[in-house]
Amino acid sequence: MKEKVFDRSMRGGTKVSGHGLGLYLVKRLVEDQAGKVWVEDRVPGEHEKGARFVILLKGTAVGPA
């Protein structure tokens, strides 16, 4: 399911209403800023123990004012 979680209209197996756009939009916004987003097991190798969503964005150097 990790491969599909960022697909448009993808919804998990819950009874929560929605259009499945949340993670799709996150991915689009992050990638528009030249970043990366992915999901991994919260406990490596044990997907049933939850997920961790990772967002990596480029930083900018901030100099003295």
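Scan the stretch 15-28 and give yes if some residue there is in contact (Cβ under 8 Å) with a residue 24 or more places away in the chain and either touching a His at 6+ places or on another chain (Cβ under 8 Å) or not aliphatic (A, V, I, L, M) (or both), otherwise no.
Among the residues of the stretch 15-28, not one is in contact (Cβ under 8 Å) with a residue 24 or more places away in the chain and either touching a His at 6+ places or on another chain (Cβ under 8 Å) or not aliphatic (A, V, I, L, M) (or both), which makes the answer no.
Give just the number: which of (1) open to solvent by less than 100 Å² (accessible area, probe 1.4 Å); (2) touching a residue at least 12 places away in the same chain (Cβ under 8 Å) does VAL43 not satisfy?
VAL43 satisfies all of (1) open to solvent by less than 100 Å² (accessible area, probe 1.4 Å); (2) touching a residue at least 12 places away in the same chain (Cβ under 8 Å) except (2).
Being among the aliphatic types (A, V, I, L, M) and more than 16 Å from the chain's Cα centre (by Cα) is the filter here; which residues of the stretch 1-59 pass it?
Matches in the stretch 1-59: VAL16, VAL43.
If you take the residues in the stretch 50-65 that are at pLDDT 75 or above and either of a type in the set (S, T, N, Q) or part of a strand (DSSP E or B) (or both), which one is surrounded by the fewest Cβ atoms within 10 Å (Cβ to Cβ)?
The extreme case among them is VAL54.
Please specify each residue of the stretch 2-32 satisfying the condition of being surrounded by fewer than 11 Cβ atoms within 10 Å (Cβ to Cβ) and modelled with pLDDT of 80 or more.
GLU3, LYS4, ASP32
The values are calculated or read from the model by the stated rules, or taken from the named source; none is laboratory data. The model shown is predicted, which means the values in this text are computed figures rather than measured ones. Note that each Cβ is placed from the backbone with ideal geometry, even for glycine, and that neighbours are counted across all protein chains shown. Side chains included, ligands, DNA and RNA excluded: accessible areas come from the protein's heavy atoms. Shrake-Rupley method; radii C 1.70, N 1.55, O 1.52, S 1.80 Å.
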